[in-house]
Each structure stands twice: as structure tokens, then as C-alpha cells.
1. If I ask for residues that are under 19 Å from Cys129 (Cα atoms), under 19 Å from the mean Cα position of the chain (by Cα) and hydrophobic (A, V, I, L, M, F, W, C), which ones from segment 185-231 would you list?
2. For segment 108-155, give me each residue that is assigned to a strand (DSSP E or B) and of a type outside the set (A, V, I, L, M, F, W, C).
3. Just one of Thr173, Thr98 is buried (at least 19 other Cβ atoms within 10 Å of the Cβ), hydroxyl-bearing (Ser, Thr, Tyr) and in contact with a Leu (Cβ under 7 Å, 6 or more places away or on another chain); which is it?
4. Take the residues in segment 156-170 that are part of a helix (DSSP H, G or I) and either in contact (Cβ under 8 Å) with a residue 24 or more places away in the chain or aliphatic (A, V, I, L, M) (or both); name whichever of them is surrounded by the most Cβ atoms within 10 Å (Cβ to Cβ).
5. Just to be sure, is Ala48 among the small types (Gly, Ala, Ser), in contact with a Lys or Arg (Cβ under 6 Å, 6 or more places away or on another chain) and touching a residue at least 12 places away in the same chain (Cβ under 8 Å)?
6. Looking at Asp149 and the list (1) touching a residue at least 60 places away in the same chain (Cβ under 8 Å); (2) crowded, with 19+ Cβ neighbours inside 10 Å, which single condition is not satisfied?
7. Phe175 passes all but one of (1) in a loop (DSSP other than H, G, I, E, B); (2) in contact with an Asp or Glu (Cβ under 9 Å, 6 or more places away or on another chain); which number fails?
Amino acid sequence: MSEDLLKGMHIPRPDVFDFEGITMIHYFTDNWEKVQNFQARPNDILIATYPKAGTTWVSYILDLLYFGQQSPERQSSLPIYERVPFLEFAVPVIPPGTELADKLQTSPRLIKTHLPVQLVPKSFWEQNCRVVYVGRNAKDNAVSYFHFDRMNSVQPEPGDWNGYIEKFMAGNTVFGPWYDHVIGWWEKKKSYSNLLYLFFEDLVEDTGRELEHLCSFLGLSTPIEERERIREGVQFDAMKKNPMANYSTIPVMDFKISPFMRKGESVRPHSSSCPPASPHAISEPLPWPLRESWRLEESLHGSPERDVRPALQEVDERHDADVPHRAVTIIHINTITISLLQLRKKLKT
């Protein structure tokens, strides 16, 4: 990769535009014909997420599961973005993601994408590739995405927090609405059995347990000792210090503004992670397509087992009163927030 050429090169922040019904930037569409015509292989593994929802974390876990013992030199010589190419990425000087993926010598090939499910190249479905999707709750995702946009010149100028969260809740951040993204992939899971839907919150809660889920899905018989070594190696503090995982070798990212990996945890209602300009909360309407599948919890500090049916009934009444799509409830996100973890727990019962 031509990192030396990038140093000192000005990469202008792009404007956003509508592309296939979602908000995009040209760095993700300039190579679109090759993206859509990309030829997947049957043993390819696609890692899909909304931006800043655990992509690098799961990419690193999968790379260690497959190649940690087989090719240990990779861990100290190749950054994660070369081991797991970003399919739709096309920035000047750096080879596009499709080219990097085609040149991978590994088997299986690990490839990542942030595309909504409807824009994924059809060859992944035709080849029945395995797909790992990671979902993250809206509040944490928005905060992380905001700080990422601040430090990454490939992304649009984010502006201040108050304006940014309005864009996020309106679905006008790059790669489109968060809620359409996570629900679109969830719906795909119902008809495509080779898709594992993970949750960022579960990875934080018990990384070892989620490693077991991954191994089971992928048909890997990784020894317990090796899984434990991987678990320790992918803990947030370890990855944050690892130049092969933390994107510190990418010149378009300004670590003086914010690190690529910030905290790797859930934001609390009065956390210092919430930008100063905000009233310590996202009090915008919550996305409504989640009501069919997802539980709500009392608060980020409250009991996840609280009976939320009265609140749901109240919201249903508002929904039935011709409230606009995606803007149904004015329930404060600090008091009742989306809980991806609840869906995971529901699936286990």
C-alpha cells in the first residue's frame, strides 16, 4: 500500500449525495461497477456492519482465528486493512478495495463492507458465502461515528454534535439510515442461513462467548487455549495500542483530533463521551421499524428486564395516530433506549 505517497497529500473532504436511495460519498462509489461485478468465492467471508459498529474488532478476531497460527508474521507486518480489504473503498493512490481483495492469497478471503444489504454484490449470495454482521445500539454508534468523522478527512465534515445527531437520526450520514441498515440485515438473516448476526454489546460483555459462537458458525474447532489467546489479544486496550489494528498508519486519520479506537464501550447517559455541546442525551425520535423485533430497556443504568409493555402501548398509540415514519416516539433515549442485547437474550431463550 502506498502510505508514503499519501503522507503530505491533501485528501479533500467529500460532499454527500443520494446514491441508490442512501447518503453516500464518491470515495465509496467511484469504483462502483467493479464493486457490483466483484466475483466472490464460495469460501469468502464477508464482514458487514454499519460504520463504527465493531468492524475492525470482528475483522481482527476472524483473521486470528484463521491465520493467527498458520501465518503469525501477518500480525506484525500487515495492517488489518490489508488483511481484510474494505470492498467499496476507493481513495486516490491507495488501491481500491476490490483490487486488494482480488490479490488476497489467503483462503478464506476476509472482506469487509459497510454497504446496506440491498447493495451487496450479488455474487456473495450466489456463492452462498458466509456473512458475519455486527449491530450496535444507536446512541453508542452515533457518538463513535461523530468522533470518527471528526478525525477522518475521507469523511464529510461533521460539524458540531447537535447538527450531526440531527443528520444521524434523519438517516443522512454516510451509508444511510442506521435503522434501515441494521433491520435490513436482520431481515436478510431470516432468508439466508449463512448469516451470523452478532451484537457489539455481546462482544463487550463476553468476548470469549462470542468467539465460541463464531467458531460454531464457521465450523472451526479452535482449541480452548488458542481461543483464550485470541480473546486476550483482541481486548480493546490491546488493539488500541497495536499499530497493525489501530489504523495509525493511515495518514488521512488525524489522531490528534481523536483516535480511531476511542473507548470500545457503551456510553452512559452522563458520560464524558457525549460532546460538550449536547445536553448529555439524544432526545430525538427513535427509529420505529425496530418495534417488531427489538426490546426496549428502562435506561442504560436500569434493569433490562423491566416490563416495558406500558411504554410500548403508549408508543403504539402515537404510531397509530398518523405520526410520520421513523419519527414515532419522543421517548428520551436516556430513559428508554434501544437494546440490541435484549434481542440477543431473546434469541437464546
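1. Trp185, Trp186, Leu195, Leu196, Leu198, Leu214
2. Lys112, Thr113, Arg130, Tyr133, Gly135, Asn152
3. Among Thr173, Thr98, only Thr98 is buried (at least 19 other Cβ atoms within 10 Å of the Cβ), hydroxyl-bearing (Ser, Thr, Tyr) and in contact with a Leu (Cβ under 7 Å, 6 or more places away or on another chain).
4. Ile165
5. no
6. In the conditions (1) touching a residue at least 60 places away in the same chain (Cβ under 8 Å); (2) crowded, with 19+ Cβ neighbours inside 10 Å, Asp149 misses (1) alone.
7. (2)
Bear in mind that the values in this text are calculations on the coordinates, not laboratory data. Treat the numbers as computed from the prediction; the structure is a model and nothing was measured. Note that each Cβ is placed from the backbone with ideal geometry, even for glycine, and that neighbours are counted across all protein chains shown.
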